[in-house]
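Undergrad: Following this message is one structure expressed as structure tokens.
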Amino acid sequence: MDPLLAGKFAALNAALEALTTSVPSMVESNGGDVNGNGEIDPLGCVVVKQRKLLDERKGLITQIRLLPGLEKFLVGPSFDTLRSAAAHGPVIIVNHCKWRSDIIVLHHNSPPSLIHPPDSDNFYARAEQLKDKLLAARKKGLGSTEYDQALTSVLEELYDLVGQPVIQKLHDLNVPEQSRIWWCPTSVFCSLPLHAMGPVRSEGSEGSLELYFSDLYISSYTPTLSALIESRKHNSHSLEKPSILLVAPPDKSIPRALDEIHHIRRLKTTVTRFISKNATPPVVIGHLQNHRFAHFACHGILEAGKPFDASFKLHQGQRLTLLEIIRSQLPSAEFAFLSACHTAEVTEESIADEGLHLSAAVQYSRFRSVVGTMWAMADIDGEVLAKHFYASVFSEKWEGVPYYERTAEALRDAVQVLRRRKKPTTERWVNFVHYGA
């Protein structure tokens, strides 16, 4: 690319990013427009600036596309490219829109399948109600009877709304049970646990374990089709045993993290540990560049109304933010286990229609697969999950399979161990989700 055009394009993108992520401070420092009533309109000032920058960017993109070899610069992907996201299993897009809502099953080598939701006239409103019900009950406190009852009810209603028609369609398409499937949710469905819908049925005799969607299919999520496609790009080191970067700054409020750390340190692979004052944001980002696996055992923090400020709490309260992770662009990254609270949580203050959280940010920064949490995590669960998860990932049964591709099934199996042996409340086993390849 022409260096001058490249410089202008980088500057415009930086200006747009600064405007998007620093709206409050920009409005405060620059004032606002005056509307027809002579009143200050701070939002209008921001909108005008944004439109001007977008127009300049559009014109610059047109110039760049005139350069040899850059004719398709920032052109949207073709349908053939998008459906390659389903190369390893169907991708189920749940479209939630007040004008029309659909469930679309994307296939690799055939046209998409459309599922007309039951009670389609009320599909949009029912989904909104489920989201509101879950978020309202969460305010009662995780572990409360009210929240457990609300979550159980939401899982049952989600099964009626989405799970049952999806399972029927997968059977019709001859997708066998225990296959991998990917969820690509939109709008309120980004905050609903689609992987755990049910119960679907009880296995065997009366009183036996109830089965949920996660028992029938191995679910992963992706924020976009492009993110999933990117996560599968070739890496010549995939079959080599990965080294692990362990980030676990000491914190008296999560004492059981020490047991989790103990299991990871004993793994038969190279483990680089940052569990003391060295666990600072610059140091962690620097070492992420050289490790294929990363495990965070610390606090995850949400900032109401400020999704880009979601962060991991490191040594002495220093924070590694979502925005810093997105900007890092890690060349060797394959998998991250985010054993922390809120790392895949979407709240009422999150950006509308986007599943933007720490797990998605880690995937965007080139990690192929990520394990995250939909809400606060019980400290006692980290040890059990880490022990059984890594035992599965490093098992010999996976010979010839890249390590990051083992992580979805390994998580599902570890969660099943947690359910059967520890008998946790519903919220604790539903909490854990897999993103990416």
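Undergrad: For the range 396-420, give me the residue count where each residue is over 22 Å from I326 (Cα atoms) and in contact with a helix residue (DSSP H, G or I) (Cβ under 8 Å, 6 or more places away or on another chain).
TA: Counting residues in the range 396-420 that are over 22 Å from I326 (Cα atoms) and in contact with a helix residue (DSSP H, G or I) (Cβ under 8 Å, 6 or more places away or on another chain) gives 14.
Undergrad: Here is a further query. Looking at the structure I just gave you, is P111 in contact with a Ser or Thr (Cβ under 8 Å, 6 or more places away or on another chain), more than 19 Å from V162 (Cβ to Cβ) and surrounded by fewer than 16 Cβ atoms within 10 Å (Cβ to Cβ)?
TA: No.
Undergrad: Consider H342 against the criteria (1) in contact with a Cys (Cβ under 9 Å, 6 or more places away or on another chain); (2) free of Cβ contacts under 8 Å to residues at least 60 places away in the same chain: it satisfies all of them except one. Which criterion is unmet?
TA: Only one criterion is unmet by H342, namely (1).
Undergrad: Sticking with this one: Name the residue that is surrounded by the most Cβ atoms within 10 Å (Cβ to Cβ), counting only residues in the range 290-299 that are touching a residue at least 60 places away in the same chain (Cβ under 8 Å) and farther than 21 Å from E345 by Cα.
TA: It comes out as F293.
Undergrad: Working only within the range 363-400, note down all residues that are modelled with pLDDT of 90 or more, out of contact with any strand residue (DSSP E or B) (no Cβ under 9 Å at 6 or more places or on another chain) and under 22 Å from S332 (Cβ atoms).
TA: The answer is F394, and nothing else.
Undergrad: Mind listing whichever residues of the range 114-138 are closer than 11 Å to V162 by Cα and under 22 Å from the mean Cα position of the chain (by Cα)?
TA: Hit for the range 114-138 is A127, nothing else.
Undergrad: Could I ask something else about it? Filter the range 378-423 down to the residues that are buried (at least 20 other Cβ atoms within 10 Å of the Cβ) and among the β-branched types (V, I, T) and list them by number.
TA: Residues satisfying the conditions are V384, V393, T407, V415.
For (1) in contact with a helix residue (DSSP H, G or I) (Cβ under 9 Å, 6 or more places away or on another chain); (2) in contact (Cβ under 8 Å) with a residue 12 or more places away in the chain; (3) surrounded by 16 or more Cβ atoms within 10 Å (Cβ to Cβ), each residue gets a yes or a no:
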| residue | (1), (2), (3) |
| --- | --- |
| E260 | yes, yes, yes |
| T270 | no, yes, no |
| F274 | yes, yes, yes |
| N278 | yes, yes, no |
| L288 | yes, yes, yes |
| I301 | yes, yes, yes |
| D309 | yes, yes, no |
| T321 | yes, yes, yes |
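Undergrad: Go through the residues of the range 131-138 one by one and say whether even a single one is in a loop (DSSP other than H, G, I, E, B) and under 30 Å from A376 (Cβ atoms).
TA: no
Undergrad: Determine, yes or no, whether L161 is in a helix (DSSP H, G or I), under 20 Å from the mean Cα position of the chain (by Cα) and under 22 Å from H195 (Cβ atoms).
TA: no
The values are calculated or read from the model by the stated rules, or taken from the named source; none is laboratory data. Because the structure is a prediction, the values reported are computed rather than measured. We place every Cβ from the backbone using ideal geometry, glycine too, and count neighbours over all the protein chains shown.
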